[in-house]
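The values are calculated or read from the model by the stated rules, or taken from the named source; none is laboratory data. Just so it is clear, the model here is predicted, and its values are computed rather than measured. Cβ placement follows ideal geometry from the backbone for every residue including glycine, while neighbour counts extend to all protein chains displayed. The protein model used for the area step is the full one, side chains on, heavy atoms only, and it has no ligands, DNA or RNA in it. Shrake-Rupley method; radii C 1.70, N 1.55, O 1.52, S 1.80 Å.
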Amino acid sequence: MRHLLSAGDLSRDEATLILDTARELAQAGARSVKKFPTLRGRTVVNLFFEDSTRTRTSFELAAKRLSADVINFSAKGSSVSKGESLKDTALTLQAMGADGVVIRHSASGAAHRLSGWVDGSVVNAGDGTHEHPTQALLDVYTMRERMGRLDGLRVAIVGDIRHSRVARSNVLLLHTLGAEATLVAPPTLMPVSVHTWPCAVSYDLDEALSKSDVVMMLRVQAERMQGAYFPTPREYSRRYGLDSERFARMHDEAIVMHPGPMVRGMEISAEVADSPRCTVTEQVANGLSIRMAVLYLLLGGSESAIGA
């Protein structure tokens, strides 16, 4: 791999290698000295044009744990706010000798465009409503750790599918790894092209819950909406929210996931969010291991990931 732009670009072997490397790094990270020398002398730039807490912090910590030099770039307060284009920003980073660039951008396809302008590796940390491959990797890693398998696992992804880059990446990666994904949402929040995705579609949450091993709830992304996609938040929550009553109807081993940030009382109730079967904080912890694995495999060459 030279870049990680889409979950769909990963073969089954490549995805499994990332998951297995993340597990090794997670186990090694339990020791008292948590830093590895693998990327010493390499420079990683976090290029974030959208607000982020979990993803940006996770990539920064992942690079630092691997001993890389990290530059955090925010569009606010930079030359971008003066009108500089993405290409000119990329050429500036190229001139500075960045070995890897982690980009989040509001425009779908921005990571792909950037990969043609820089010599270093590019990691897509979310581009518009297109994809978010490392989120999908950490989600399937969490499923594998909790459920012990991915083959044949039944996963329901519920909520604002239309505006979700997480949903698309998860569907592609789950399909590659042998799991069965079902998208659940109101018709207005389904993408027009959903029939081309390798998954099933349902408009009935109650029906999907009884068949699912994993239920992933998604936030309604009001900031991306230009119109009214459902009557009221209360109506949406009543039809597509995971409350304690619906949670009780799931089978005992099923888990609940959420990529965050959660809106309690909207897509998920506080009782469900605080349940031991809800993996939100595990996903954040696993995100660090996955992003360390991605950076190591892209930038680390033949060196051992956990070598002294």
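A few comments on the model shown:
- Using Cβ point charges alone (K and R +1, D and E -1), the dipole size of segment 133-279 about the Cα centre works out to roughly 340 debye.
- The portion of the accessible surface of the chain made up by carbon and sulfur, rounded to a whole percent, is 50 (1.4 Å probe; DNA, RNA and ligands excluded).
- Rg and Dmax of segment 74-173, based on Cα coordinates, read 16.5, 51 Å.
- Here the contact order of the chain, divided by its residue count and restricted to Cα pairs under 8 Å and six or more residues apart, works out to 22 percent.
- Length released on extending from Ala107 to Val194, taking residue separation times 0.36 nm less the Cα-Cα span: 29.3 nm
- Heavy-atom accessible area for Glu271, with the other protein chains in place and a 1.4 Å probe, reaches approximately 120 Å².
- In segment 1-58, a dipole from Cβ-located charges (positive for Lys and Arg, negative for Asp and Glu) runs towards its positive end, and of Ala15, Leu5, Ser58 it is Ser58 whose Cα lies farthest in that direction.
- Per residue, segment 70-214 exposes 38 Å² of solvent-accessible protein surface, assessed with a 1.4 angstrom probe and all protein chains in place.
- Axis of helix 165-176 versus longest Cα principal axis of the chain: the two differ by about 90°, to the nearest ten degrees.
- The chain: Rg to Rh, with Rh as the Kirkwood radius over Cα pairs: 0.97
- Karplus-based coupling profile of segment 236-241, in residue order and whole Hz: 4, 4, 5, 8, 10, x, with θ = phi - 60° in 6.51 cos²θ - 1.76 cosθ + 1.60 and x standing for Gly or Pro.
- The angle between the Cα long axis of helix 12-28 and the main principal axis of the chain comes to about 80°, on a 0 to 90 degree scale.
- Amide H contacts under 5 Å for Arg154, placed H, 5+ residues apart: Glu180, Asp213, Val214
- Trypsin sites (Lys or Arg not before Pro) restricted to segment 152-245 and DSSP loop, no more than 15 other C-beta within 10 Å: Lys211
- Backbone N under 17 Å from the Thr92 label point (7 Å along Cα→Cβ), restricted to segment 33-58: 44-50
- Kirkwood hydrodynamic radius of segment 1-133, from inverse mean 1/r over distinct Cα pairs, in Å: 15.6 Å
- Built amide H within the under 5 Å cut-off of Thr129, gap 5+: Ser108
- Summary value for segment 155-205: 43 percent relative contact order, contacts being C-alpha pairs under 8 angstrom separated by 6+ residues.
- Only aspartates and glutamates eight or more places from Lys64 in sequence, or on another chain, were considered; those with a Cα closer than 19 Å are Glu24, Asp99, Glu303.
- For Lys211, the aspartates and glutamates whose Cα falls under 13 Å of its own Cα, not counting residues fewer than eight places away in the same chain, are Glu180, Asp252, Glu253.
- Relative frequency of Cα-Cα separations exceeding 18 Å in segment 133-279, percent: 51 percent
- Multiplying the residue separation of Leu61 and Thr232 by 0.36 nm and removing their Cα-Cα distance gives an extension gain of 57.6 nm.
- Relative packing of peptides 132-143, 179-190, 24-35 - highest average C-beta neighbours within 10 Å first: 132-143, 179-190, 24-35
- Under Karplus coefficients 6.51, -1.76 and 1.60, residue-wise ³J(HN,Hα) of segment 88-104 in Hz, glycine/proline x: 5, 4, 4, 5, 5, 5, 4, 5, 7, x, 5, 7, x, 10, 9, 10, 10
- Which of Leu172, Trp117, Met147, positive extreme of dipole for the chain (C-beta unit charges): Trp117
- Residues whose amide H lies under 5 Å from that of Ile71, counting only those 5 or more places away or on a different chain, are Val44, Val45, Asn46; hydrogens are built 1.01 Å from N in the peptide plane.
- Per-pair calculated FRET efficiency, R0 = 25 Å: Met1 and Glu282 via Cβ, rounded to 0.05: 0.45
- Its Cα centre serving as origin, the chain has a Cβ charge dipole (Lys and Arg +1, Asp and Glu -1) of approximately 600 debye.
- Backbone phi angles across segment 51-60, fed through the Karplus curve with coefficients 6.51, -1.76 and 1.60 (θ = phi - 60°), yield HN-Hα couplings of 5, 7, 10, 4, 5, 5, 5, 5, 5, 5 Hz in residue order; Gly and Pro are listed as x.
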